[in-house]
Amino acid sequence: MNWNLAVAANDDALLGHCLLASPGARSASKVLVERGFPSAAQAYNAASLKAESDIVVFAHQDVYLPAGWDDQLGSALERLHAKDPGWAVAGVVGIATGLAPTGYAYCTGLQRIVGSPFSEPVEAETLDELLLVVRRSSRLRFDEQLPGFHLYGTDICLTARKSGMKAYIIPAFCVHNTAGLDFLPVSFWRSYLYLRRKWRAGLPIKTPCTTISRFGWPIVSHTLRSAYSCYVRGEKAGSRVNDLTALLWNLEDHGEGFRPVRAERSAQSQ
C-alpha cells in the first residue's frame, strides 16, 4: 500500500524518539514534517498539498507505531474500502455511531489501554486527533479557522458528513506516548468554543474527550471532576515513557496490546 505520513512538530527530540523511530512508519513512501504553523489544520493542509499518495496518515509527534502497524493499516483499509469505497477519514480511537467509545490504543497519559480489540471498521461520529487517515481524493480539508491543536478530528468528521461522506474507526493498535493533563488547557477551550459556534445547529456533539453542548455543562463537569481528582484525591495524570519497546513487551506479557510486537522483540534479541 502506498501511503504518506504527516506530522505537525515542535519538538524534534520527541518526534525522533516516537513517531520517526516507529517501525510501523518505515514503509511510508514519504514523511512530511511541518513546523512553525499556529494550528494543526494549517500544518496538515500544507502537508496534504505536498503528499504524493491518496492515503495520508496524520499523526501526533508523540505517537509510536509498532512493528507490523503498517500491515494492520493496509488490512483495515482494504476492509474499509470493501465496505464503503467513498470513505473520507478514519482513525484508531473515536466515538462510534450510537455514541459508544470505540478503538484500540495505549495512552501513557491515561496509563491504560483505550478500548479493546476489534476487527472490522466501525462508523464514527467523531475521531480522536492522535492519528487520522485521510483519503485525499475525498477533497476534504481541515478548517484553518479552527485555532490551535485540538478537536480538528471532530471537525473533519462533521465536515465529511456534511459533504455526504463517512468517517470510520479502524483496528490499528498504536501507542500515544503523551504527557497527561490534569486540566484541559486554555487552547482547548478556544477550539471548543469555535466548534460550538460553527456546529451549533447539530449540538450536542460527543467527542472522545468531552461533549460539545449549548451550555457547556459536560466540559464544566469534567473540569470539576478533574479538580476533585487532582486536589482532593491527589491523583496525577500519567507521563511519557522513555522505553517504548519495553512498554509494548510489558503489555504483551500481561495479555494486552498488539500481538505482532513479538516480531519486534525477536528481531531486537538477535
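Between 170, 219, 156, where does the largest GNM mean-square fluctuation fall for the chain, given springs only between Cα atoms within less than 10 Å?
The residue that fluctuates most here is 219.
For residue 32, enumerate residues with amide H under 5 Å from its amide H, sequence gap 5+ or separate chain, H modeled in the peptide plane.
When sequence neighbours closer than 5 places are left aside, the close amide H contacts are 5, 6, 7.
Output the relative contact order of the chain, whole-number percent, from Cα pairs under 8 angstrom with separation of 6+ residues.
RCO, the chain: 20 percent.
List the residues, sorted by chain then number, that are 5 or more residues from residue 125 or on another chain and whose placed amide H is less than 5 Å from its amide H.
Under 5 Å from the amide H of residue 125: 95, 96, 97.
State the dimensionless ratio Rg/Rh of the chain (Rg: radius of gyration of Cα atoms; Rh: Kirkwood radius). Can you show the working numbers first?
Details: Rg = 17.9 Å, Rh = 18.9 Å.
Expressed as Rg/Rh, it is 0.94.
Taking the Cα centroid of the stretch 138-160 and of the stretch 161-180, what is the distance between the two, rounded to the nearest whole Å?
Cα centroid to Cα centroid, the span is 13 Å.
Show me the ranking of peptides 45-56, 93-104 by mean Cβ neighbours inside 10 Å, starting with the highest. If you can, show how the numbers build up before the last one.
On the way: 45-56: 16.6, 93-104: 19.1.
For the peptides 45-56, 93-104, the packing ranking is 93-104, 45-56.
Positive end of the charge dipole of the stretch 3-269 (Lys, Arg +1 and Asp, Glu -1 on Cβ, about the Cα centre): tell me which of 126, 111, 24 has its Cα farthest that way.
It is 126.
Residue-wise, which Karplus ³J(HN,Hα) couplings in Hz belong to the stretch 131-145, taking 6.51 cos²θ - 1.76 cosθ + 1.60, θ = phi - 60°, and x for glycine or proline?
Each residue's phi maps through the Karplus curve to give 7, 10, 10, 10, 8, 4, 5, 6, 6, 6, 10, 6, 7, 6, 7 Hz.
Pairs on different chains or at least eight residues apart, Cα atoms closer than 19 Å: how many lysine pairs in the chain fit?
Close lysine pairs under the 19 Å cut-off: 6.
Quick one: 3J(HN,Hα) in Hz for the stretch 65-76, Karplus 6.51/-1.76/1.60 with θ = phi - 60°, rounded, Gly and Pro as x.
Taking θ as phi minus 60°, the curve returns 9, x, 4, x, 4, 5, 5, 4, 4, x, 5, 5 Hz for the stretch 65-76.
Return the calculated 222 nm mean residue ellipticity for the chain, to the nearest 500 deg cm²/dmol, obtained by summing -39500 (n - 2.57) across DSSP H runs with n ≥ 4 and dividing by the residue count.
-9500 deg cm²/dmol
How big is the dipole moment of the stretch 3-269 about its Cα centre under a simple scheme where the beta carbon of each Lys and Arg is +1, that of each Asp and Glu is -1, and everything else is neutral? Debye, nearest 20, please.
Once rounded to the nearest 20, the dipole reads 920 debye.
Among DSSP beta bridges lying fully in the chain, give the percent that are antiparallel, nearest 5.
So the antiparallel bridges amount to about 60 percent of the total.
Every number in this text was worked out from the coordinates using simple rules, so none of it is lab data. Quick caveat: nothing in here was measured; it's all calculated off a predicted structure. Glycine gets a Cβ as well: all are built from the backbone with ideal geometry, and neighbour counts include every protein chain shown.
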